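In what follows, a single structure is set out as structure tokens and then discussed.
The values are calculated or read from the model by the stated rules, or taken from the named source; none is laboratory data. Because the structure is predicted, anything quoted here is derived from the model rather than measured. Backbone-built Cβ (ideal geometry, glycine too); neighbour counts: all protein chains shown.
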Amino acid sequence: MINRIFILFFVLMGMLWFSGCSQITMAPKAKKKITPITSQARHKTTMKPYCVLGKNYTPEHIELGDTMNGVASWYGPDFHGKYTSNGEIYDMNDFTAAHKTWPMDTLVKVTNLDNGKTQVVRINDRGPFKDGRIIDCSYAAGKSLGLDRSGLARVKIEAIGFNSKPVKPTILNDNVYLAQNTAPNFGNSTKKVLMNNFGIQVGAFKLKNGADMIKEQYASLDKRYNTEVKKFSLSDGSEIYRVFVMGFTSEEEARDYMSCYSISDAIIIRG
């Protein structure tokens, strides 16, 4: 009887030992892969020439900073819930727009030249197919620009990013947007892609003293990266000071930095 008890005891100890070892040697979970908004296949498809109302259009690759002046319009309830040209479901409450030739998922800063209002939109559709009009904004974007009242407006549009959604800083209620990914990586662009270092915005302040304090804090964390303060002018005439940590060679390196120092609300940019 005693022998059986000892045998049972050693069997149980062995099970606990191997169970403990299996927990200790368990492989760590792989990092979640970040999927780009636009796949290479969909990008290739949406850059093909097409014909609407008997007129041919050829999508073109563009560079950061490219601009265009013309007339903007907006579209809303009649198209809400239907498919856009890149296969998404149109949501009139999202900040999107249609453009005849610029690449899908291009971030565009739209400036209403009649009232000075600005709004960043993401291109996810084709149009507008009326002479003189260069961009067709969603209802939300149109309302932000004042198009819900005027219907049409003279605008200037500027490409500020690619393959990304617009990110608006939440620290201050301003209308300055930054792009997460500011260069396409599809390899078939006919224009030179700007290759700049990655960085992250870690703060935005109305007073320069606050920005300088945050700059010093981040400057002491890792000497491999540069910390800087940049001043931006807002549409209402006020100024804002943004703090950036620059010098990352890739978006992944920037995200590793954020993870290392538990930074959850920074905005990834290209310098």
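Could you give me the residue pairs with C-beta distances under 8 Å whose first residue belongs to region 76-87 and is in contact (Cβ under 8 Å) with a residue 12 or more places away in the chain and of a type outside the set (G, A, S), whose second residue is surrounded by fewer than 17 Cβ atoms within 10 Å (Cβ to Cβ) and not in a loop (DSSP other than H, G, I, E, B) wherever it lies, and which are 6+ apart or on separate chains?
N86/R42
Return the total of residues in region 191-218 being at pLDDT 90 or above, aliphatic (A, V, I, L, M) and surrounded by fewer than 16 Cβ atoms within 10 Å (Cβ to Cβ).
2
Identify, please: which residue in region 88-102 is of a type outside the set (A, V, I, L, M, F, W, C) and under 19 Å from the mean Cα position of the chain (by Cα) and is, among those, farthest from A72 (Cα to Cα)?
Selected residue: E88.
Restricting to region 254-267, name every residue that is over 17 Å from the mean Cα position of the chain (by Cα) and either farther than 9 Å from V202 by Cβ or aromatic (F, W, Y) (or both).
D256, Y257, S259, C260, Y261, S262
Residues of region 152-171 being in a loop (DSSP other than H, G, I, E, B), of a type outside the set (D, E, K, R) and at pLDDT below 90, which ones?
Of everything in region 152-171, those that are in a loop (DSSP other than H, G, I, E, B), of a type outside the set (D, E, K, R) and at pLDDT below 90 turn out to be F162, N163, S164, P169, T170, I171.
I'd like the full set of residues that are among the aliphatic types (A, V, I, L, M), surrounded by fewer than 24 Cβ atoms within 10 Å (Cβ to Cβ) and touching a Gly at 6+ places or on another chain (Cβ under 9 Å), limited to region 106-138.
I134 - this is the single residue of region 106-138 that is among the aliphatic types (A, V, I, L, M), surrounded by fewer than 24 Cβ atoms within 10 Å (Cβ to Cβ) and touching a Gly at 6+ places or on another chain (Cβ under 9 Å).
If R224 passes every condition in (1) of a type in the set (D, E, K, R); (2) under 22 Å from F162 (Cβ atoms); (3) touching a Gly at 6+ places or on another chain (Cβ under 8 Å) but one, which one does it miss?
All conditions pass for R224, except number (2).
Which of the residues belonging to region 41-78 are part of a loop (DSSP other than H, G, I, E, B) and in contact with a Gly (Cβ under 8 Å, 6 or more places away or on another chain)?
Answer for region 41-78, where residues must be part of a loop (DSSP other than H, G, I, E, B) and in contact with a Gly (Cβ under 8 Å, 6 or more places away or on another chain): L64, G76.
Within region 236-260, track down each residue that is surrounded by 13 or more Cβ atoms within 10 Å (Cβ to Cβ) and of a type in the set (S, T, Y).
Y241, Y257
For region 77-105, name all the residues that are surrounded by fewer than 17 Cβ atoms within 10 Å (Cβ to Cβ), of a type in the set (G, A, S) and modelled with pLDDT of 90 or more.
The answer is G81, and nothing else.
Which members of region 115-153 meet the condition of being of a type in the set (G, A, S) and within 21 Å of Y83 (Cβ to Cβ)?
Passing the criteria: G127, S138, A140, A141, G142.
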